[in-house]
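K.L.:
The following block contains the structure, expressed as C-alpha coordinates.
The values are calculated or read from the model by the stated rules, or taken from the named source; none is laboratory data. Owing to the predicted nature of the structure, the values given are computational and were not obtained by experimental measurement. Note: ideal-geometry Cβ built from the backbone for every residue, glycine included; neighbour counts use all protein chains shown.
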Amino acid sequence: MRPSYVTLTLGAALAALLGAARPGRAGTLGPLQQVQQSTDKLLAILKDPQLKVPERKAERREKIFAAINERFNFADMSQRTLARHWAARTPAEREEYTKLFTELLRNTYLSKIEGYAGEQVQYKAERIEGSYARVEVLIVTTKNIEVPLEYSLKKYDDEWLVYDVAVEGVRLVNNYRTQFASMLNSMSYPKFVEKLRAKVAETEAGEAAPPVVKGNAP
(Lines give C-alpha, C1' and ligand atoms only; values in the text may rest on other atoms or scores of the structure.)
Protein backbone atom coordinates (compact mmCIF):
# COMPACT_ATOMS: atom_id res chain seq x y z
CA MET A 1 0.00 0.00 0.00
CA ARG A 2 1.31 3.47 -0.89
CA PRO A 3 -0.79 5.91 1.23
CA SER A 4 0.26 9.19 -0.37
CA TYR A 5 -0.01 7.73 -3.85
CA VAL A 6 -3.39 6.19 -3.10
CA THR A 7 -4.68 9.60 -2.04
CA LEU A 8 -3.66 11.09 -5.36
CA THR A 9 -5.09 8.16 -7.25
CA LEU A 10 -8.40 8.47 -5.42
CA GLY A 11 -8.69 11.90 -6.97
CA ALA A 12 -8.17 10.27 -10.36
CA ALA A 13 -10.69 7.62 -9.37
CA LEU A 14 -13.33 10.23 -8.70
CA ALA A 15 -12.43 11.96 -11.94
CA ALA A 16 -12.85 8.70 -13.79
CA LEU A 17 -16.46 8.49 -12.75
CA LEU A 18 -17.85 12.00 -12.84
CA GLY A 19 -20.01 13.02 -15.78
CA ALA A 20 -20.67 16.56 -16.93
CA ALA A 21 -24.33 15.63 -17.17
CA ARG A 22 -26.46 12.59 -16.64
CA PRO A 23 -26.29 10.46 -19.78
CA GLY A 24 -29.26 10.42 -22.08
CA ARG A 25 -31.21 7.16 -22.23
CA ALA A 26 -29.30 5.92 -19.17
CA GLY A 27 -31.90 3.22 -18.66
CA THR A 28 -30.54 1.38 -21.70
CA LEU A 29 -27.02 1.30 -20.26
CA GLY A 30 -25.51 -0.91 -17.59
CA PRO A 31 -23.38 0.45 -14.73
CA LEU A 32 -20.06 -0.02 -16.53
CA GLN A 33 -21.38 1.73 -19.63
CA GLN A 34 -22.70 4.62 -17.56
CA VAL A 35 -19.31 4.92 -15.86
CA GLN A 36 -17.55 4.95 -19.23
CA GLN A 37 -19.92 7.51 -20.73
CA SER A 38 -19.53 9.76 -17.70
CA THR A 39 -15.75 9.51 -17.89
CA ASP A 40 -15.70 10.79 -21.45
CA LYS A 41 -17.80 13.79 -20.50
CA LEU A 42 -15.63 14.76 -17.54
CA LEU A 43 -12.39 14.36 -19.44
CA ALA A 44 -13.74 16.88 -21.94
CA ILE A 45 -13.98 19.41 -19.10
CA LEU A 46 -10.50 18.61 -17.78
CA LYS A 47 -8.91 18.82 -21.23
CA ASP A 48 -10.74 21.95 -22.42
CA PRO A 49 -7.94 24.54 -22.91
CA GLN A 50 -10.40 27.43 -22.65
CA LEU A 51 -11.30 26.38 -19.11
CA LYS A 52 -7.66 26.10 -18.03
CA VAL A 53 -6.99 29.83 -18.07
CA PRO A 54 -6.67 31.34 -14.56
CA GLU A 55 -9.61 33.72 -14.94
CA ARG A 56 -11.96 30.76 -15.55
CA LYS A 57 -10.74 28.63 -12.65
CA ALA A 58 -13.90 29.21 -10.60
CA GLU A 59 -16.11 28.33 -13.57
CA ARG A 60 -14.08 25.18 -14.23
CA ARG A 61 -14.46 24.07 -10.62
CA GLU A 62 -18.19 24.72 -10.72
CA LYS A 63 -18.51 22.50 -13.78
CA ILE A 64 -16.47 19.74 -12.15
CA PHE A 65 -18.46 19.81 -8.94
CA ALA A 66 -21.76 19.96 -10.83
CA ALA A 67 -20.57 16.74 -12.44
CA ILE A 68 -19.85 15.23 -9.04
CA ASN A 69 -23.38 15.97 -7.89
CA GLU A 70 -24.76 14.23 -10.95
CA ARG A 71 -22.98 10.94 -10.41
CA PHE A 72 -22.47 10.57 -6.63
CA ASN A 73 -25.18 10.02 -4.04
CA PHE A 74 -23.79 12.10 -1.19
CA ALA A 75 -26.83 11.53 1.02
CA ASP A 76 -26.24 7.77 0.87
CA MET A 77 -22.51 8.18 1.44
CA SER A 78 -23.15 10.47 4.41
CA GLN A 79 -25.50 7.99 6.04
CA ARG A 80 -23.00 5.17 5.57
CA THR A 81 -20.13 7.14 7.11
CA LEU A 82 -22.16 7.87 10.26
CA ALA A 83 -23.38 4.25 10.42
CA ARG A 84 -25.30 3.56 13.66
CA HIS A 85 -25.07 7.21 14.70
CA TRP A 86 -27.27 8.24 11.77
CA ALA A 87 -30.45 6.81 13.33
CA ALA A 88 -30.20 9.11 16.35
CA ARG A 89 -29.92 12.26 14.27
CA THR A 90 -32.84 14.60 13.57
CA PRO A 91 -33.74 15.51 9.96
CA ALA A 92 -32.06 18.89 10.45
CA GLU A 93 -28.90 17.27 11.81
CA ARG A 94 -28.81 14.81 8.92
CA GLU A 95 -29.14 17.64 6.42
CA GLU A 96 -26.38 19.62 8.12
CA TYR A 97 -24.05 16.63 8.29
CA THR A 98 -24.65 15.70 4.65
CA LYS A 99 -23.79 19.25 3.61
CA LEU A 100 -20.60 19.29 5.71
CA PHE A 101 -19.45 15.86 4.52
CA THR A 102 -20.12 16.80 0.90
CA GLU A 103 -18.10 19.99 1.32
CA LEU A 104 -15.28 18.02 2.92
CA LEU A 105 -15.05 15.67 -0.05
CA ARG A 106 -15.35 18.53 -2.53
CA ASN A 107 -12.61 20.60 -0.91
CA THR A 108 -10.30 17.61 -0.39
CA TYR A 109 -10.50 16.11 -3.87
CA LEU A 110 -11.15 18.98 -6.30
CA SER A 111 -7.46 19.80 -6.58
CA LYS A 112 -6.68 16.10 -7.12
CA ILE A 113 -9.22 15.92 -9.93
CA GLU A 114 -7.88 19.12 -11.48
CA GLY A 115 -4.44 17.55 -11.37
CA TYR A 116 -5.44 14.91 -13.94
CA ALA A 117 -2.30 14.20 -15.97
CA GLY A 118 -3.39 11.82 -18.68
CA GLU A 119 -3.93 8.67 -16.66
CA GLN A 120 -5.51 5.88 -18.72
CA VAL A 121 -8.78 4.35 -17.59
CA GLN A 122 -9.38 0.69 -18.41
CA TYR A 123 -12.79 -0.84 -17.72
CA LYS A 124 -12.46 -4.43 -16.55
CA ALA A 125 -15.76 -5.87 -15.35
CA GLU A 126 -19.14 -5.24 -13.78
CA ARG A 127 -21.07 -7.35 -11.28
CA ILE A 128 -24.77 -6.70 -10.81
CA GLU A 129 -26.87 -8.03 -7.94
CA GLY A 130 -30.37 -6.62 -8.10
CA SER A 131 -30.20 -2.85 -7.61
CA TYR A 132 -26.52 -2.93 -6.59
CA ALA A 133 -23.41 -3.19 -8.74
CA ARG A 134 -19.62 -3.14 -8.63
CA VAL A 135 -17.53 -1.80 -11.50
CA GLU A 136 -13.85 -2.75 -11.68
CA VAL A 137 -11.50 -0.25 -13.28
CA LEU A 138 -7.75 -0.08 -13.73
CA ILE A 139 -5.96 3.27 -13.68
CA VAL A 140 -2.64 3.29 -15.53
CA THR A 141 -0.48 6.29 -14.69
CA THR A 142 1.93 8.07 -16.98
CA LYS A 143 4.68 6.06 -15.24
CA ASN A 144 2.88 2.80 -16.10
CA ILE A 145 1.87 2.11 -12.51
CA GLU A 146 -1.36 0.10 -12.39
CA VAL A 147 -3.86 0.86 -9.64
CA PRO A 148 -7.05 -1.20 -9.30
CA LEU A 149 -10.26 0.62 -8.44
CA GLU A 150 -13.72 -0.60 -7.58
CA TYR A 151 -16.87 1.52 -7.63
CA SER A 152 -19.94 0.57 -5.65
CA LEU A 153 -23.17 1.76 -7.21
CA LYS A 154 -26.88 1.60 -6.50
CA LYS A 155 -29.61 1.91 -9.10
CA TYR A 156 -32.11 4.76 -8.77
CA ASP A 157 -34.77 4.62 -11.48
CA ASP A 158 -32.66 4.41 -14.66
CA GLU A 159 -29.34 5.57 -13.23
CA TRP A 160 -26.50 3.94 -11.37
CA LEU A 161 -25.11 6.29 -8.72
CA VAL A 162 -21.93 5.85 -6.71
CA TYR A 163 -21.99 5.42 -2.94
CA ASP A 164 -18.41 4.22 -2.38
CA VAL A 165 -15.00 4.01 -4.08
CA ALA A 166 -12.15 1.62 -3.28
CA VAL A 167 -8.52 2.23 -4.25
CA GLU A 168 -6.25 -0.78 -3.79
CA GLY A 169 -8.75 -2.18 -1.32
CA VAL A 170 -9.07 1.02 0.74
CA ARG A 171 -12.72 2.09 0.75
CA LEU A 172 -13.52 5.78 1.07
CA VAL A 173 -16.69 5.22 3.13
CA ASN A 174 -15.05 2.72 5.48
CA ASN A 175 -12.11 5.05 6.00
CA TYR A 176 -14.28 7.97 7.06
CA ARG A 177 -16.64 5.75 9.05
CA THR A 178 -13.74 4.44 11.13
CA GLN A 179 -12.42 7.94 11.77
CA PHE A 180 -15.82 9.39 12.66
CA ALA A 181 -16.76 6.45 14.90
CA SER A 182 -13.57 6.99 16.88
CA MET A 183 -14.43 10.66 17.32
CA LEU A 184 -18.04 10.00 18.30
CA ASN A 185 -16.95 7.45 20.88
CA SER A 186 -14.98 10.13 22.69
CA MET A 187 -17.11 13.26 22.28
CA SER A 188 -20.68 14.49 21.93
CA TYR A 189 -22.31 14.81 18.52
CA PRO A 190 -22.36 18.66 18.70
CA LYS A 191 -18.61 18.63 19.42
CA PHE A 192 -18.06 16.25 16.51
CA VAL A 193 -19.94 18.60 14.18
CA GLU A 194 -17.90 21.52 15.48
CA LYS A 195 -14.67 19.71 14.63
CA LEU A 196 -16.00 18.63 11.24
CA ARG A 197 -16.97 22.20 10.44
CA ALA A 198 -13.46 23.34 11.35
CA LYS A 199 -11.99 20.65 9.10
CA VAL A 200 -14.17 21.79 6.22
CA ALA A 201 -12.94 25.36 6.72
CA GLU A 202 -9.36 24.09 6.77
CA THR A 203 -9.77 22.17 3.53
CA GLU A 204 -11.46 25.15 1.93
CA ALA A 205 -8.36 27.17 2.73
CA GLY A 206 -6.28 24.52 0.99
CA GLU A 207 -4.48 23.37 4.11
CA ALA A 208 -5.88 19.84 4.40
CA ALA A 209 -3.74 16.79 4.91
CA PRO A 210 -4.55 13.71 2.78
CA PRO A 211 -7.59 11.94 4.30
CA VAL A 212 -6.55 8.40 3.40
CA VAL A 213 -4.77 7.61 6.65
CA LYS A 214 -5.39 5.12 9.39
CA GLY A 215 -6.54 6.34 12.79
CA ASN A 216 -6.42 10.10 12.21
CA ALA A 217 -9.75 11.86 12.46
CA PRO A 218 -10.35 14.81 10.18
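K.L.:
So for the range 134-145 (the condition being touching an Asp or Glu at 6+ places or on another chain (Cβ under 7 Å), basic (Lys, Arg) and either outside any strand (DSSP E or B) or more than 30 Å from PRO49 (Cα to Cα) (or both)), does at least one residue qualify?
P.N.:
yes
K.L.:
Search the range 81-111 for residues being over 30 Å from LEU46 (Cα atoms) and in contact with a Phe, Trp or Tyr (Cβ under 9 Å, 6 or more places away or on another chain), and hand back the single one that is surrounded by the most Cβ atoms within 10 Å (Cβ to Cβ).
P.N.:
Going through the range 81-111, the residues over 30 Å from LEU46 (Cα atoms) turn out to be 82-96.
Now restrict to residues that are in contact with a Phe, Trp or Tyr (Cβ under 9 Å, 6 or more places away or on another chain): 82-83, 85-86, 88-89, 93-94.
On the way: LEU82: 24, ALA83: 15, HIS85: 18, TRP86: 14, ALA88: 9, ARG89: 15, GLU93: 16, ARG94: 16.
Across the range 81-111, the extreme among qualifying residues is LEU82.
K.L.:
Is there any pair linking a residue in the range 31-52 that is closer than 27 Å to ARG134 by Cα to one that is outside any helix (DSSP H, G or I) and of a type in the set (Val, Ile, Thr), with Cβ under 6 Å and at least six apart or on different chains, and which?
P.N.:
Close Cβ pairs (under 6 Å, with a partner that is outside any helix (DSSP H, G or I) and of a type in the set (Val, Ile, Thr)) amount to PRO31/VAL135; LEU32/VAL135; VAL35/VAL135; THR39/VAL121.
K.L.:
Right, something else. Looking only at the range 42-92, which residues are at pLDDT 90 or above, within 18 Å of the chain's Cα centre (by Cα) and of a type in the set (Phe, Trp, Tyr)?
P.N.:
Of everything in the range 42-92, just one residue is at pLDDT 90 or above, within 18 Å of the chain's Cα centre (by Cα) and of a type in the set (Phe, Trp, Tyr), namely PHE74.
K.L.:
Which numbered condition in (1) surrounded by 15 or more Cβ atoms within 10 Å (Cβ to Cβ); (2) modelled with pLDDT under 95; (3) over 16 Å from the mean Cα position of the chain (by Cα) is the only one that ILE145 fails?
P.N.:
Evaluating ILE145 over (1) surrounded by 15 or more Cβ atoms within 10 Å (Cβ to Cβ); (2) modelled with pLDDT under 95; (3) over 16 Å from the mean Cα position of the chain (by Cα) leaves (1) as the failure.
K.L.:
How about the range 159-206: which of its residues are touching a strand residue (DSSP E or B) at 6+ places or on another chain (Cβ under 8 Å), in contact (Cβ under 8 Å) with a residue 40 or more places away in the chain and charged (D, E, K, R)?
P.N.:
ASP164, GLU168
K.L.:
Looking at ARG127 and the list (1) within 22 Å of THR39 (Cβ to Cβ); (2) surrounded by 15 or more Cβ atoms within 10 Å (Cβ to Cβ); (3) over 18 Å from the mean Cα position of the chain (by Cα); (4) among the basic types (Lys, Arg), which single condition is not satisfied?
P.N.:
(2)
K.L.:
I've got another one for you. What's the total number of residues in the range 112-124 that are in contact (Cβ under 8 Å) with a residue 40 or more places away in the chain and surrounded by fewer than 15 Cβ atoms within 10 Å (Cβ to Cβ)? So that I can check it myself, show each step before the final result.
P.N.:
First pass over the range 112-124, keeping only residues in contact (Cβ under 8 Å) with a residue 40 or more places away in the chain: 112-116, 119, 121, 123.
Keeping just the survivors that are surrounded by fewer than 15 Cβ atoms within 10 Å (Cβ to Cβ) gives 115.
Here the count works out to 1.
K.L.:
Please count how many residues of the range 104-150 are under 16 Å from LEU172 (Cβ atoms) and aliphatic (A, V, I, L, M).
P.N.:
Adding up the residues that qualify gives 9.
K.L.:
How many residues does the range 93-127 hold that are charged (D, E, K, R), modelled with pLDDT under 95 and touching a Leu at 6+ places or on another chain (Cβ under 7 Å)?
P.N.:
Pass one, the range 93-127, residues charged (D, E, K, R): 93-96, 99, 103, 106, 112, 114, 119, 124, 126-127.
With the extra rule that they be modelled with pLDDT under 95, the set shrinks to 103, 106, 112, 114, 119, 124.
Restricting the remaining residues to those that are touching a Leu at 6+ places or on another chain (Cβ under 7 Å) gives 112, 124.
Summing the residues that are charged (D, E, K, R), modelled with pLDDT under 95 and touching a Leu at 6+ places or on another chain (Cβ under 7 Å) in the range 93-127 gives 2.
K.L.:
Something else now. Select, from ARG71, ARG134, the only residue that is surrounded by 18 or more Cβ atoms within 10 Å (Cβ to Cβ) and closer than 15 Å to ASP164 by Cα.
P.N.:
Values: ARG134 fails: surrounded by 18 or more Cβ atoms within 10 Å (Cβ to Cβ).
Result: ARG71 is the single residue among ARG71, ARG134 that is surrounded by 18 or more Cβ atoms within 10 Å (Cβ to Cβ) and closer than 15 Å to ASP164 by Cα.
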